[in-house]
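Engineer: I have a structure I would like to understand better, so I am pasting it below and will then ask my questions one at a time.
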Amino acid sequence: MEFNQVKIDLVTKGPDGGCTLVLVETGPWIGEQKNQNMQRLGNRIAGCVSAVINGHVARRYPATIGVPLTIQVDSYDTPRLEVDILLAKMQNEFDKSPEIQEELRSGRFTSAILLRHRWSDFASELMKRRPSHKFWQRLKRLFGIGVPH
């Protein structure tokens with residue numbers, strides 16, 4: 001779903017009745033690219049909040065109307081601490097914004113907006129999996145290990 005350059009990768013409904021809007025970000029973010037991606041992510045989150053407040057999300061996904069919304073950034077191989085800090089600062093700004101708070105009090109489109117970050121990296125993902133025999137065979141073939149010449 002896109003609203004004026006804002007892409008929401010997934011919308012889910014939770015067992016508590018709330019909904020989660022998932023934004024997926026992948027890295028690695030290195031050097032100047034890191035600063036650009038952090039700025040882009042901040043704009044993406046702000047655009048998502050705007051889409052919620054202006055009712056664009058509610059029109060597309062009626063199940064989100066009037067329930068608490070979590071904007072969750074699922075990031076892979078990104079600078080974890082910097083993304084955590086960005087989300088904390090943005091949550092603080094949203095919590096202090098009279099316009100956003102007035103809209104939340106009205107409950108017209110949502111009753112709450114919470115930001116959350118779920119982070120992972122390559123090493124963590126590998127530790128979660130037990131590669132199959134087929135995986136190792138494909139990897140050996142790919143690198144020519146144990147293959148007669």
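Engineer: Within the set of pairs 6 or more residues apart or between chains, which connect a residue that is charged (D, E, K, R) inside the stretch 64-90 to a residue that is surrounded by fewer than 16 Cβ atoms within 10 Å (Cβ to Cβ) and part of a helix (DSSP H, G or I) with Cβ atoms less than 8 Å apart?
Structural biologist: 77/122; 82/34
Engineer: Scanning for something under 24 Å from the mean Cα position of the chain (by Cα), within 25 Å of residue 40 (Cα to Cα), in a strand (DSSP E or B) and modelled with pLDDT of 95 or more, does the stretch 120-133 turn up at least one residue?
Structural biologist: No, there is no match, as no residue in the stretch 120-133 is under 24 Å from the mean Cα position of the chain (by Cα), within 25 Å of residue 40 (Cα to Cα), in a strand (DSSP E or B) and modelled with pLDDT of 95 or more.
Engineer: Give the residue that is nearest to residue 109 (Cα to Cα), with candidates limited to residues of the stretch 28-67 that are under 16 Å from the mean Cα position of the chain (by Cα) and open to solvent by 60 Å² or more (accessible area, probe 1.4 Å).
Structural biologist: Residue satisfying both the conditions and the ranking: 43.
Engineer: For the structure I just gave you, tell me whether residue 70 is within 13 Å of the chain's Cα centre (by Cα), modelled with pLDDT of 90 or more, surrounded by 16 or more Cβ atoms within 10 Å (Cβ to Cβ) and of a type in the set (Val, Ile, Thr).
Structural biologist: The answer is yes for residue 70.
Engineer: Of everything in the stretch 94-117 that's surrounded by 11 or more Cβ atoms within 10 Å (Cβ to Cβ) and basic (Lys, Arg), which residue is modelled with the highest pLDDT?
Structural biologist: That would be 116.
The values are calculated or read from the model by the stated rules, or taken from the named source; none is laboratory data. Model, not experiment: these values are computed from the prediction. FYI the Cβ positions are ideal-geometry reconstructions off the backbone, even for glycines, and counts take in every protein chain you see. Ligands, DNA and RNA are excluded from the accessible area calculation, which covers all protein heavy atoms including side chains. Shrake-Rupley method; radii C 1.70, N 1.55, O 1.52, S 1.80 Å.
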